[in-house]
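The values are calculated or read from the model by the stated rules, or taken from the named source; none is laboratory data. Just so we're clear, the structure is a prediction, and the values are computed from it rather than from any experiment. Cβ: placed from backbone, ideal geometry, glycine included. Neighbour counts: every protein chain shown. We work out accessible area using only protein heavy atoms, side chains counted, and drop any ligands, DNA or RNA first. Shrake-Rupley method; radii C 1.70, N 1.55, O 1.52, S 1.80 Å.
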Amino acid sequence: MAKYIVRRILTAIPMVLLITILCFALMHFAPYNAIDAMTTPKMSPETIELIKAKYGYDKPLFIQYLRWLNGILNGNFGYSIVTKQSIAGDLAVRIPNTIKLVLPAYATAYILAIILGLLAGSHKNKAADKVIDGISSIAIAVPSFWFSMLLIFILGYKLKLLPIVGMHSVGKEASMADFLRHFIMPFITLTFTFLPANVKFVRSSTVTQFSEDYVLVQRAFGASRGEIMFKHVCKNVLLPIITRLGMALQLLVTGAIITETVFGWPGVGPYFIKAIQGMDYPIVMIILVLSSTLVILGNLLSDILYCITDPRIREMG
Amino acid sequence: MKKFFMKSTAFLLASVVVLGGLTACGGKDPVADTTAANDSSASGSNDGAGQTAAGGESTFTYAIAGDPGANVNVITTSDRFGLMTIKMIYSPLYMYNADGINYFLAKSIDTSDDKLTYTMHLRDDVKWSDGEKFTADDVVFTFEAMADEKNAGWAYSQLVFPEGAVKIEKIDDYTVSLTMPFVNSAAIEMFSQIFIMPKHIYENVENFENNDVNTKPVGTGPYVMAEYSPGSYVKFTKNENYFLGAPSIDNFVYRIIENENTAMTAIQSGEVNAWIGTPAQVAQMNLEAANLTVYPYQEGRVGYMMINANRIKDENFRKAIFYALDKKAIADAALLDPQYYDLPWSFMPPNSQYFTEDVEKYEQNLDKSKEFLAASGVTNPELTLAYNASDSLQSTSAIMIQEQLQKAGIKVNLTGVDATALSQQMKQADNPYDMYFGGYIMGIDPDTFSSLFESGAPYNYMHYDYPEMNDLFAQGRKETDDAKRKEIYTTIQQKLQDTACFYPLYSNKRLLVVSKNVSGIEESKLVPVYTFEDTSKLQMK
């Protein structure tokens, strides 16, 4: 197994490198570059050359790439073109804020999804299944920004129960109660966003397991419904669900972009969107690299989890 | 192994697709279904807006759409929200806006007889927020830092010219002289809006755009920065020693709300006290019920349509287009209410002292349009009008123009383009569009407009090439006699209208929505970029 895991990790490294090359190249071929953002047409060509040299844009492309990569590896993510701030410093503030929001929401959605999915899958085509599956189908189609506006309108504006923007009221950073009041609406939105796809996944996986021969055999031996469910089906259903956990890793950075923007939550979302609008290339690149690296790591993680939990895979490796 | 590789490759592709999707939706603001926010009229919200009663202190909360960042400094910061933050903390020598000069750290300016040297007399009663005295050294230090090429200061090109640099000299502790290398009537404007930083704090700073000092600013402005919470807000507390009198409101907060719909709900629910809206957004709100007042103010912006002179070379044809347009109808469609705009008749904003109405106005006249069309000899005219697809003002105007030109027998094809892509294309003389839109807030001095019309000038997207205009702009720049300058710029405006390339559409105002318990808006003066010229004059009931 150790051999398999090492091999998986080794294949992930070139993948991450490829991602960085891809991100860098895509940004390079964009119609507008960082220099355009920093200079104005009024500047003399000499000044523009000076700025180019200052930021290293006068060097050949692969040198620029290597410098950039070297920076990332050393934790120097560069500086924002617009605000001139260190990106690493900005992200150090923003990623925890996003995690604070995404992690509880995803955990809640994940647990709810297992319960609801098993319930629906084991009662296929009965009332409970129809309700759960029906609602999930609708919910999957509901855009999160619309749902959040709805919450804001009802809870924040009409009933005036909750504050609309931000993570804290000004000057109440230490107050947990104040944080929770700000937290409720984006939390509900995100749970609601993550839930339906997971429910559908668990449901279909349960339905598949129930149609397997071993269930039929158990039935023939006179096993009760509960026994079949918890002793046999559950184990098989939960296996792919564990791997889903790994694949959700990148959500910790980019999982709430729209929701955060709507609620003015000071996480990665508004930062990323503002960077795209302001053509703040260094930030866009870093977030792309970060998020895609997490996708690769997440998959690596789920492969490893799979390998640990399922002996069949171990043997295949 | 192969299977795993395939799997990983699939994930790689999937991640690229997912990320691509993210970028795509990030590019434009989530176009939220505004129904939720729209129907908000019914509720009679009469709770005290913004009374964040923390120990009876008054707090004014202003919603802004972007994060100013922690590295705000007077040299390199040039974005709107950064400048708004600077205006709170620091003071300039004076502000120069459409209403003229308003003195802050300077008391008066003397101009030498040769119109080259400007002597600034400074206030001697100003203290930095750390108690040090403000002197001429701070001014010299700031201007020298701004004129140093390596600092990449925003006003560098206003202090250093191909002909030489402005000479900055300290005469005594409260007098500074600035000497231009050549006569330029716009000099007073060029020296304005430069905020002064404390020499004793920044003396040893090498890199202005990124250092430890920026996060603990020491200034002379009406407020002192108290707290910056990235992505959330910037909080200021009042400067009791402000040289124009301590502000009446204790705390001032810029609350960062990037999503327009959220901001719109927040101003209506009273979570913020002030916000900038568009006419369409304001029309959706029930201002009375939410206790709000709208203050439209002129930023001197001119929105216009330009004809690509490189493609449509025939003046008669261009005139045929202009005579077919109805400016008022376009402005009404795009900006909804006449109190939200002024109609410009030339390239100058109507609030400029050089603005003249004595030009060819091209009032809609379909007969004239047809005459000019016949004179141009163009048959079956068909034009392409490009516009920024995500700008509602431009798209509405484009549809109106298409409809109006249709009536004159000119077919218009509309092409909605991404804003950045369009501006890149516009720069090329051989771009495929006949007409497109533009908008600018230029300086007060008429010479700042030359960059739009001089041959080969940086913003000359019409690819306009009239040597006569170049000469006139050059004359205006050198002329120091006000009456004569006015004459020159009147001629320029007239000639420009006669060549029919530039069609001014509207001068739209900025709409500041403020809760009714805030007063003193007029006294604090609404100005471009910074919103308030002096926040210390605001009051809250």
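Residues in the range A:84-114 that are hydroxyl-bearing (Ser, Thr, Tyr) and in contact (Cβ under 8 Å) with a residue 60 or more places away in the chain were compared, and the one that is farthest from residue A:239 (Cα to Cα) is A:98.
When you go through B:119, B:77 one by one, which is the residue that is crowded, with 16+ Cβ neighbours inside 10 Å and at pLDDT below 95? The unique qualifying residue is B:77. For the range B:505-522, the criterion of being assigned to a strand (DSSP E or B) and among the charged types (D, E, K, R) is met by at least one residue. Every condition in (1) within 22 Å of residue A:303 (Cβ to Cβ); (2) out of contact with any helix residue (DSSP H, G or I) (no Cβ under 7 Å at 6 or more places or on another chain); (3) not hydroxyl-bearing (Ser, Thr, Tyr) holds for residue A:253 except the one numbered (2). Within the range B:254-266, the set of residues being at pLDDT below 95 and open to solvent by less than 10 Å² (accessible area, probe 1.4 Å) comprises B:256, B:257, B:259, B:262, B:263, B:264, B:265, B:266. Picking from B:189, B:144, which residue would you name as being open to solvent by 10 Å² or more (accessible area, probe 1.4 Å), over 19 Å from residue A:45 (Cβ atoms), of a type in the set (D, E, K, R) and in contact with an Asp or Glu (Cβ under 6 Å, 6 or more places away or on another chain)? Matching residue, one of B:189, B:144: B:189. Is it true that some residue in the range B:524-535 is of a type in the set (D, E, K, R), under 19 Å from residue B:189 (Cβ atoms) and at pLDDT below 90? Checked against the condition, which is being of a type in the set (D, E, K, R), under 19 Å from residue B:189 (Cβ atoms) and at pLDDT below 90, the range B:524-535 yields no hits at all. In the set (1) open to solvent by 20 Å² or more (accessible area, probe 1.4 Å); (2) part of a helix (DSSP H, G or I); (3) within 19 Å of residue A:16 (Cα to Cα); (4) within 12 Å of chain B (Cβ to nearest Cβ), residue A:298 fails one condition alone, (1).
Considering only the range B:63-87, state which residues are over 18 Å from the mean Cα position of the chain (by Cα) and either more than 13 Å from chain A (Cβ to nearest Cβ) or not hydrophobic (A, V, I, L, M, F, W, C) (or both). Passing the criteria: B:69, B:71, B:73. Taken over the range A:69-98, the criterion of being among the β-branched types (Val, Ile, Thr) and within 14 Å of chain B (Cβ to nearest Cβ) is satisfied by A:81, A:82, A:83, A:87, A:93, A:95, A:98. Scan the range B:430-477 for residues that are free of Cβ contacts under 8 Å to residues at least 60 places away in the same chain and on the phi > 0 side of the Ramachandran plot and the total you get is 1.
If you take the residues in the range A:237-276 that are among the polar types (S, T, N, Q) and touching an Asp or Glu at 6+ places or on another chain (Cβ under 8 Å), which one is farthest from the other protein chains (Cβ to nearest Cβ)? Top of the filtered list is A:243.
Every listed requirement among (1) within 30 Å of residue A:236 (Cα to Cα); (2) surrounded by fewer than 16 Cβ atoms within 10 Å (Cβ to Cβ); (3) without any contact (Cβ under 8 Å) to a residue 40 or more places away in the chain is met by residue A:137 save one, (3).
Selection of the range A:96-141 for residues being of a type outside the set (Val, Ile, Thr) and under 18 Å from the mean Cα position of the chain (by Cα) yields A:96, A:97, A:100, A:101, A:103, A:104, A:105, A:106, A:107, A:109, A:110, A:113. Collect the residues in the range B:204-227 that are away from chain A (no Cβ under 14 Å), in a loop (DSSP other than H, G, I, E, B) and in contact with a Phe, Trp or Tyr (Cβ under 9 Å, 6 or more places away or on another chain), keeping them in residue-number order. If the condition is that a residue be away from chain A (no Cβ under 14 Å), in a loop (DSSP other than H, G, I, E, B) and in contact with a Phe, Trp or Tyr (Cβ under 9 Å, 6 or more places away or on another chain), then B:217, B:218, B:219, B:220, B:221, B:222 are the ones that fit.
I'd like to check something: does the range A:147-165 contain any residue that is within 24 Å of residue A:101 (Cα to Cα), away from chain B (no Cβ under 14 Å), out of contact with any Asp or Glu (no Cβ under 7 Å at 6 or more places or on another chain) and at pLDDT below 95? Looking through the range A:147-165, none of the residues is within 24 Å of residue A:101 (Cα to Cα), away from chain B (no Cβ under 14 Å), out of contact with any Asp or Glu (no Cβ under 7 Å at 6 or more places or on another chain) and at pLDDT below 95. When the range B:392-443 is filtered for residues that are part of a loop (DSSP other than H, G, I, E, B), open to solvent by less than 50 Å² (accessible area, probe 1.4 Å) and either touching a helix residue (DSSP H, G or I) at 6+ places or on another chain (Cβ under 9 Å) or not small (Gly, Ala, Ser) (or both), the ones remaining, listed by number, are B:408, B:409, B:410, B:431, B:433, B:434, B:442, B:443. Criterion applied to A:53, A:30, A:113, A:105 was being more than 10 Å from chain B (Cβ to nearest Cβ) and either open to solvent by 60 Å² or more (accessible area, probe 1.4 Å) or at pLDDT below 90 (or both), and the one residue passing it is A:53. If we scan the range A:233-253, do we find a residue that is touching a Lys or Arg at 6+ places or on another chain (Cβ under 7 Å) and crowded, with 21+ Cβ neighbours inside 10 Å? Within the range A:233-253 (the criterion being touching a Lys or Arg at 6+ places or on another chain (Cβ under 7 Å) and crowded, with 21+ Cβ neighbours inside 10 Å), the answer is no, since none of the residues qualifies.
Please go through the range B:444-469 and give me each residue that is β-branched (Val, Ile, Thr) and surrounded by fewer than 18 Cβ atoms within 10 Å (Cβ to Cβ), ordered by number. Once the filter is applied, which keeps residues that are β-branched (Val, Ile, Thr) and surrounded by fewer than 18 Cβ atoms within 10 Å (Cβ to Cβ), the range B:444-469 yields only B:448. Only one of the listed residues (B:461, B:440) is within 14 Å of chain A (Cβ to nearest Cβ), at pLDDT 90 or above and within 23 Å of residue B:345 (Cβ to Cβ). That residue is B:461. Residues considered: B:168, B:101. Of these, the only one that is in contact with a Phe, Trp or Tyr (Cβ under 7 Å, 6 or more places away or on another chain), open to solvent by 50 Å² or more (accessible area, probe 1.4 Å), assigned to a strand (DSSP E or B) and within 30 Å of residue A:82 (Cα to Cα) is B:101.
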